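Working notes, beginning with the structure itself.
Please treat every number below as a calculation from the coordinates, not as lab data. Every value quoted in this text rests on a predicted model; they were computed, and no experiment measured them. Cβ: placed from backbone, ideal geometry, glycine included. Neighbour counts: every protein chain shown.
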Amino acid sequence: MVYDFKSRRIMYGLTLFFIALSGFAQMPIFKRYYIADIPGLGWLAQFFVTHAIHYALAALLIGFCAYVALDYYFARKNSGTKKFQITEDTRISASAWVKIAALCGLIITGCFMVVKNLSGIYFSHGVVIGLDLLHLIFCMLLLGATAYTWVRTRSWIC
Amino acid sequence: MRSPISRRHFLKTSFFAAGTAIAGTSIAKAATSADADKEPLVTLIDISRCIGCEECVYACQDANAHKFPEPEKPFPKMYPDRVPVEDWSDRRDVTDRLTPYNWLYIQYASATTKEGENITLTIPRRCMHCQNPPCVKLCPWGAAKQEKNGLSRIDAQICLGGSKCKDVCPWDIPQRQTGTGLYLDLLPAFAGNGVMYKCDRCYQKIKKGEQPACIAACPENVQTIGKRSDIIKMAKDLAKEKDGYIYGLDENGGTNTIYVSPVPFDQLVFETGKGKPHMHPVKDTMADGSNLAIALAIAPIAGAAAAVGKYYRQMKEEA
Ligand code: SF4
Ligand code: SF4
Ligand code: SF4
């Protein structure tokens with residue numbers, strides 16, 4: 001069977017774009033810099049809207065990551081069979097490992113932040129600041145690595 | 001505006017000391033007991049007792065004067081031009097609204113009682129200390145914090161003054177002072193705009209087992225602070241006894257400030273606007289996030305199930 005990488009790429013790309021956009025919208029910058037004034041982008045200045053969108057897309061991204069990771073595992077496991085394009089020699093590229101690390105970092109820090117935002121949950125001030133900064137650093141790492149792989153046309157697997 | 005001859009100093013000697021002595025013991029107990037970790041501190045505000053003397057307002061200013069901003073002038077130019085300069089440093093004596101230098105003010109409300117009598121009520125207004133405060137939880141830098149005892153406060157050392165806390169606060173409580181804080185050391189022209197200020201429930205006093213200044217200074221004992229369960233019971237009993245109405249118990253998912261009024265809150269007529277918060281019903285602003293957290297918990301299971309399903313389908317096809 002031929003892997004449907006194209007639809008996967010489109011879905012991942014769109015999710016990544018909007019989750020990053022809604023993430024940056026958590027900072028009060030889109031209104032200041034007139035971006036929310038562009039017709040159709042007013043929602044970017046509505047913090048509760050972007051917050052909910054960020055959560056919904058995070059659910060989508062986490063589900064998608066779990067699916068792709070397990071699917072890859074099964075595909076390698078059964079590389080001997082004729083249906084699978086992925087073989088034992090298939091490797092995850094170095095740039096992909098960077099993206100995977102950043103995604104894991106984002107998911108882990110993000111999950112802690114979701115828990116922190118529930119009523120009655122208190123994290124120490126240092127932990128909260130640490131989570132905020134780490135989440136931002138992992139985001140920049142992922143976007144940087146994504147830009148690199150985009151320009152250099154590096155694939156996730158080689 | 002603050003009157004030149006304030007009753008404050010006169011009253012201070014007579015009531016302040018007595019009030020602190022009586023109530024101080026209970027807060028000390030509530031704040032330092034093991035229960036303080038389990039239950040937040042809540043204040044009950046009995047509106048019918050307030051005489052509008054503003055002692056609480058001046059006590060708040062006195063107790064927190066060392067936290068007030070001393071902005072550097074001239075302010076750095078900010079881009080783009082739409083970024084508002086908010087400067088209260090020359091209007092520190094304003095007491096008829098919330099400002100960075102006035103974290104508590106007295107709101108005058110007119111109302112008609114059940115008996116048809118027209119009355120004026122005076123209502124101390126400040127941060128409600130929400131149970132799940134959006135100002136804290138949604139601050140992108142972690143500058144706002146909530147303590148285990150339920151109070152929320154903004155760290156003036158970290159706040160960049162983007163005012164998101166005010167935008168997400170259902171009552172627009174935090175107030176900005178331009179020209180102070182961390183943003184001056186970063187990119188003052190392009191990011192940040194000062195520091196946000198609001199009632200911090202006199203956290204430094206609570207830590208020492210003392211009453212917040214506004215509570216201790218009140219000659220009419222309008223406010224009572226204590227463990228959440230105790231205060232809720234007290235508020236409900238008071239409302240029952242006085243045939244009164246409650247605000248703050250369910251607002252924004254529940255707050256740590258509970259008002260009891262002799263008149264329904266939707267019948268109070270008062271000026272609202274900048275620095276003058278409303279008293280409308282408020283739905284839980286953090287509810288969507290809390291509900292979506294469930295979707296986040298299910299997501300990896302759903303993704304994994306889809307992959308496993310696909311695998312077995314393929315295996316079957318191959319067999
Ligand atoms: S009332 Fe506003 S400023 Fe106070 S805790 Fe609630 S959201 Fe924050
Ligand atoms: S609790 Fe303290 S900071 Fe808050 S209004 Fe009262 S005196 Fe002011
Ligand atoms: S709460 Fe107390 S101190 Fe404040 S105005 Fe009312 S009576 Fe005066």
Check each of the GluC sites (Glu not before Pro) in the stretch B:223-314 and keep only those in coil by DSSP with at most 16 other C-beta atoms within 10 angstrom; list them in order. B:Glu271
Considering the alpha-carbon set of the stretch A:91-158 alone, what are its Rg and its Dmax in angstrom? 14.8, 47
Long-range HN-HN contacts of B:Thr95 with modeled amide H, under 5 Å: B:Arg2
Based only on Cα atoms, what Rg/Rh ratio does chain A have, Rh being taken as Kirkwood's radius? 1.03
Orientation-averaged projected area, Cα convex hull of chain B (nm²): 23.6
When all C-alpha to C-alpha distances in the stretch B:145-202 are sorted into bins of 10 Å, what percent of pairs does each bin hold, rounded to whole numbers? 25, 50, 23, 2
Mind listing which chymotrypsin sites (Phe, Trp or Tyr not before Pro) in the stretch B:100-202 are in a DSSP loop and have 13 or fewer other Cβ atoms within 10 Å? none
Helix-derived mean residue ellipticity, 222 nm - over chain A, DSSP H n ≥ 4, -39500 (n - 2.57), to 500: -22500 deg cm²/dmol
Value of [θ]222 nm, deg cm²/dmol, for chain B, DSSP H segments ≥ 4, -39500 (n - 2.57) each, nearest 500: -9000 deg cm²/dmol
Given the stretch B:46-135 reduced to its alpha-carbon atoms as identical point scatterers, what log10 I(q)/I(0) does the Debye formula return at q = 0.20, 0.25, 0.26 Å⁻¹? -1.05, -1.24, -1.28
Can you run phi through the Karplus equation (6.51, -1.76, 1.60; θ = phi - 60°) for the stretch B:228-234 and list ³J(HN,Hα) in whole Hz, with x for Gly and Pro? 3, 4, 5, 5, 4, 4, 4
Projected-area mean, the protein assembly as shown, by convex hull of Cα positions, square nanometres: 28.3
Looking at the calculated P(r) for the stretch A:86-128, what percent of the C-alpha pair distances fall above 15 Å? 60
